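Laboratory data are not the source of any read-out in this text; all were calculated from the coordinates shown. Computed from a predicted structure; not experimentally measured. Neighbour counts are summed over all protein chains in view; Cβ atoms, including those assigned to glycine, are modelled from backbone coordinates with ideal geometry.
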Amino acid sequence: SALDQQTEKALFEQIETWRKDKTIILITHRIELADLADHIVVMKDGEIIKQGHPDSMRDENGSYYWLYGEMAVT
């Protein structure tokens, strides 16, 4: 959470390289990282409350939509 912009960019690029032909499970609060995924699972209090592709989840009202909106504004 305390990465400078250059390190964060390098991390994003490395994840893009690693994910080719692999399954990666990534736990993050960073919406930018979640948007790289093919499938997102949103959990609250240990329960799955939403799941799907980032594009479709952003277009629907719900937890991910709200979270994405909040993060995009800040």
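Counting 0.36 nm for each residue step from Asp45 to Asp4 and taking away their Cα separation leaves a gain of 11.8 nm. Near the amide H of Lys50, within less than 5 Å, lie the amide hydrogens of Val42, all on another chain or at least 5 residues away, with H placed in the peptide plane. Amide H to amide H, with H built 1.01 Å from N, Arg19 comes under 5 Å of no residue 5 or more places away or on another chain. Leu3 sits among other residues whose Cβ lies under 15 Å from its own Cβ, and their net charge, with Lys and Arg +1 and Asp and Glu -1, is -2. Couplings for the stretch 32-48, taken from phi via the Karplus curve 6.51 cos²θ - 1.76 cosθ + 1.60 with θ = phi - 60°, read 5, 6, 4, 5, 6, 6, 8, 8, 10, 10, 9, 10, 9, 6, x, 10, 6 Hz in order; Gly and Pro are left as x.
Label positions at Asp21 and Ala37, each projected 7 Å from the Cα along the C-beta direction, are separated by 2.5 nm.
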